[in-house]
There are 2 protein chains.
Amino acid sequence: MSRIRIKDIAQLANVSAGTVDRVIHGRSGVSDATRKRIENILEEYDYQPDILAGTLASGKSYRMLVCMPEVVYAHEFWKFPEEGVRRALDEIAHFDVSVEYLRFDQHNKRDFCHKTDGLQIGDYDGVLFAPVFRDESVKFIARCHTVGVPCILFNSRVEGVEFDGFIGQDAWQSAYLGGKLMDYGLSAGRDLLILNLSLRTDNYQHITKREHGFRAYFEEHSDRVDHLVSLNLSGGDYAVIADALDRKMGELNVAGIFVTNSRVHLAARYLAEHGTMNIRLIGYDLMKESIGYLRREYIDFLISQSPEEQAYLGLRHLFTGVVLKKEYPHEVLMPIDILTKENIDHYLNFNHPNEQPE
Amino acid sequence: MSRIRIKDIAQLANVSAGTVDRVIHGRSGVSDATRKRIENILEEYDYQPDILAGTLASGKSYRMLVCMPEVVYAHEFWKFPEEGVRRALDEIAHFDVSVEYLRFDQHNKRDFCHKTDGLQIGDYDGVLFAPVFRDESVKFIARCHTVGVPCILFNSRVEGVEFDGFIGQDAWQSAYLGGKLMDYGLSAGRDLLILNLSLRTDNYQHITKREHGFRAYFEEHSDRVDHLVSLNLSGGDYAVIADALDRKMGELNVAGIFVTNSRVHLAARYLAEHGTMNIRLIGYDLMKESIGYLRREYIDFLISQSPEEQAYLGLRHLFTGVVLKKEYPHEVLMPIDILTKENIDHYLNFNHPNEQPE
DNA sequence: TATACTTTCGTGTGCGCACACGATCATTAT
DNA sequence: ATAATGATCGTGTGCGCACACGAAAGTATA
């Protein structure tokens, strides 16, 4: 009563196993008549190949490429996906799957081009890609397509080109939630600050969508706030940010600050240095510095997009498609995780069990 | 440069593959001298068996038992773990792993005893168990132990007996977080209600820990609240609950209600029927009714313990231990998920992609 | 010494599949 | 007519391992 094998199919069709094998793999050398007959039987008995025996016999090995920004101190963020890749690899390593990284400087277009231009994409069986530069990413994804290598995107999407899968977060909705958390329990009629602290215009779409989402909340609850002011500071320097904040805090009656990316810890530092705990602060991601301020309640909420989980899923999807040759979801939107002082530890323990809390 | 095989080890040790095989499996029939020699070589070359070839050759199949309360309308909660089991099974089915369910009436001790007493636990290779009745569960777990079948618990823990793994949530901390969410932005000096709506004393420990956690928050922030009143209602009837609430609402100046389990939708119904939206309501789990009230903002926050993910991990851990014969974490505490009207949809989509939102 | 028994080990087979090779037969060219 | 060609299909081998069987050598018993 076990699963049906190639041998069984062959017997049912009065042919040899080799012929069935040819049909299954779409190889030539089978007459149309027998091919149809075998296909029908395969269908009828719902033949499912034994993947274990298959990979064992084929001896094939799979190389996946993970292409994403390099981990540098200022962008610790990119160490998280590695954890997810590691976890996925742990689960699928039996199938002779290996991963190679291609890391690029996310502030240097030319670095990305230089590193990808010479790349033999055809050497790989799948690509997991975190796009940063719009046009260059489009070109890269198109190149994957021409050589027939599936390319799954994570973290951010790229418009204008077909991709084989996407795993990310609904940026607009995450910030709309940020609006709710900012508003929750706040007395009406005060001012809020939206702080865009991009180092460059990378992930620009993300940032914009977040600002829109946050504003959308307060457009739907227009009575809740007097002024909703954006402050865009593209420089990285804390002093600049502090200066700008000084000025705004003087002009407005600020009740809360929403930082549209992971650099929320800079705003937290400002609040900490000025000893102001009664200004709400909400931002993104689990930078080490941010976690410290969250624990000391200078940051009220951090919104996480689970970068580990994104990369984990990305690699799993590649595996599903390439090795198992099965369908996988074309688009996955991650849950929008809300983190506070009270649940951050369990979150970190769960997602990074190997790291020691400080 | 491929991985080292049994054959290679055999050659290195000047023995046949059969002998190496005996050493690896700890079978008898090898002299102490050669055994030592082979063990050293295995160690030195860090031999890792090819699981695929192993399971293919052994032809073994694995039967897992999932023992948990049956899904009835009033406890829709228990349909979630099934989703996680299904997902895990999808991933490991290649290894000839199958799952059987043993579902019991969680309000009927005798039903549990009756169904487990005749059970041949030895027929299974692993057990995933959601304990409800304390003493009976201890007995059941002990029985697994005597026949050498690993037993992993999820959802709630059982004291007084050794188990092979646990996956659950920190009940105390989840309610401490509930306290924070209740308190957040609330003006000081009002009253809060803790509502225990257990149908029975099942999961009693859970409930108690949650009450303690919630109270602990306000003991640490004692200036934030005047009265913190518990209301225990073990009956299931809405009318009874409404009556009791009517009385309490008269006595106190209630600003918020914390329901210690999934029956928070009953309190939400009360608020909805009385048209009171300015009372905060926080509870647990993703009952369909509760989600409706969350969407209409009668419930402010739901705390989720990811029952799917718990069961998913449980089965994966069993697989890791039984099939891969590797270590797995003895205890996993789930992240404490915060759900609001604004992020519930993405959460549901991610965890239950097959269900249609209403 | 001959026999029975035990310890120690090598050999062989098969798991289900992928793939190379060769066999068979009909068809076409010479 | 034979030879050559191509289409169609069967057979065999091996992937790395688990496990049964039996061989060889040593040990005990009569």
Q) A:SER2 passes all but one of (1) more than 12 Å from DNA strand D (Cβ to nearest atom); (2) in a helix (DSSP H, G or I); (3) over 39 Å from the mean Cα position of the chain (by Cα); (4) of a type in the set (Gly, Ala, Ser); which number fails? A) (2)
Q) In the stretch B:312-355, how many are more than 30 Å from A:SER174 (Cβ to Cβ), under 19 Å from the mean Cα position of the chain (by Cα) and free of Cβ contacts under 8 Å to residues at least 40 places away in the same chain? A) 1
Q.
Please determine whether any residue of the stretch A:48-62 is away from chain B (no Cβ under 14 Å) and either away from DNA strand D (no atom under 11 Å from the Cβ) or of a type in the set (Lys, Arg) (or both).
A. no
Q: Give the residue that is farthest from the other protein chains (Cβ to nearest Cβ), with candidates limited to residues of the stretch A:1-22 that are more than 11 Å from DNA strand C (Cβ to nearest atom) and surrounded by fewer than 12 Cβ atoms within 10 Å (Cβ to Cβ).
A: A:ASN14
Q) Take the residues of the stretch A:167-203 that are away from chain B (no Cβ under 14 Å) and within 19 Å of the chain's Cα centre (by Cα): which is surrounded by the fewest Cβ atoms within 10 Å (Cβ to Cβ)? A) A:THR201
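For residues that are farther than 13 Å from A:GLY314 by Cβ and not in a helix (DSSP H, G or I), tally how many sit in the stretch A:143-156.
Qualifying residue count, the stretch A:143-156: 3.
Mind checking whether some residue in the stretch A:89-97 is of a type in the set (Asp, Glu), on the phi > 0 side of the Ramachandran plot and within 16 Å of DNA strand C (Cβ to nearest atom)?
Yes, some residue in the stretch A:89-97 is of a type in the set (Asp, Glu), on the phi > 0 side of the Ramachandran plot and within 16 Å of DNA strand C (Cβ to nearest atom).
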(Q) Restricting to the stretch B:91-119, count the residues that are among the polar types (S, T, N, Q) and at pLDDT below 95. (A) 2
**Q.** Residue selected from the stretch A:205-244 under the condition without any contact (Cβ under 8 Å) to a residue 40 or more places away in the chain and hydroxyl-bearing (Ser, Thr, Tyr), by the criterion farthest from A:TYR73 (Cα to Cα)
**A.** A:SER222
(Q) Against the definition (out of contact with any Leu (no Cβ under 6 Å at 6 or more places or on another chain), surrounded by fewer than 20 Cβ atoms within 10 Å (Cβ to Cβ) and under 26 Å from B:ARG263 (Cα atoms)), how does B:HIS206 come out, yes or no? (A) no
Q: Among residues belonging to the stretch A:33-46 that are more than 25 Å from A:VAL323 (Cα to Cα) and touching a helix residue (DSSP H, G or I) at 6+ places or on another chain (Cβ under 8 Å), point out the one that is farthest from DNA strand D (Cβ to nearest atom).
A: A:ARG37
Q: With the condition kept exactly as written, say whether any residue in the stretch B:222-230 is outside any strand (DSSP E or B) and within 14 Å of chain A (Cβ to nearest Cβ).
A: yes
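So which residues in the stretch B:297-312 are aromatic (Phe, Trp, Tyr) and either open to solvent by less than 10 Å² (accessible area, probe 1.4 Å) or not assigned by TED's automatic domain parsing to the domain that holds B:ASN155 (or both)?
B:TYR298, B:PHE301
This table checks each residue for (1) farther than 29 Å from A:ASN261 by Cβ; (2) more than 14 Å from DNA strand D (Cβ to nearest atom); (3) touching a Leu at 6+ places or on another chain (Cβ under 6 Å).
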residue: A:ASN14; (1), (2), (3): yes, no, no
residue: A:VAL20; (1), (2), (3): yes, no, no
residue: A:SER31; (1), (2), (3): yes, no, no
residue: A:CYS67; (1), (2), (3): no, yes, yes
residue: A:ASP90; (1), (2), (3): yes, yes, no
Q: Just one of (1) free of Cβ contacts under 8 Å to residues at least 40 places away in the same chain; (2) within 9 Å of DNA strand C (Cβ to nearest atom) trips up B:ARG86, so point out which.
A: (2)
Q.
Which of the numbered conditions does B:ASP243 fail, given that it passes all the others? Conditions: (1) assigned to a helix (DSSP H, G or I); (2) buried (at least 18 other Cβ atoms within 10 Å of the Cβ).
A. (2)
Q: For residues that are open to solvent by 10 Å² or more (accessible area, probe 1.4 Å), within 21 Å of A:GLU76 (Cβ to Cβ) and out of contact with any helix residue (DSSP H, G or I) (no Cβ under 6 Å at 6 or more places or on another chain), tally how many sit in the stretch A:314-342.
A: 1
Q. Among all residue pairs at least 6 apart or on different chains, which show Cβ distances below 7 Å where the first residue, located in the stretch B:133-144, is open to solvent by 40 Å² or more (accessible area, probe 1.4 Å) and the second is modelled with pLDDT of 95 or more?
A. B:ARG143/B:ILE121
Q) Of all the residues that make up the stretch A:23-67, how many are in a helix (DSSP H, G or I), surrounded by 10 or more Cβ atoms within 10 Å (Cβ to Cβ) and either acidic (Asp, Glu) or away from DNA strand C (no atom under 12 Å from the Cβ) (or both)? A) 9
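Condition test on B:PHE140, is it aromatic (Phe, Trp, Tyr) and either under 29 Å from B:ILE338 (Cα atoms) or in a loop (DSSP other than H, G, I, E, B) (or both)?
Numbers: aromatic (Phe, Trp, Tyr): yes; either under 29 Å from B:ILE338 (Cα atoms) or in a loop (DSSP other than H, G, I, E, B) (or both): no.
Spelling it out, it is not the case that B:PHE140 is aromatic (Phe, Trp, Tyr) and either under 29 Å from B:ILE338 (Cα atoms) or in a loop (DSSP other than H, G, I, E, B) (or both).
The values are calculated or read from the model by the stated rules, or taken from the named source; none is laboratory data. Since the structure is predicted, the reported quantities are computational estimates derived from the model, not experimental observations. All Cβ positions, even for glycine, are placed from backbone atoms using ideal geometry, and neighbour counts span all protein chains on display. Each accessible area value is taken on the protein alone, full model and side chains, heavy atoms only, with ligands, DNA and RNA left out. Shrake-Rupley method; radii C 1.70, N 1.55, O 1.52, S 1.80 Å.
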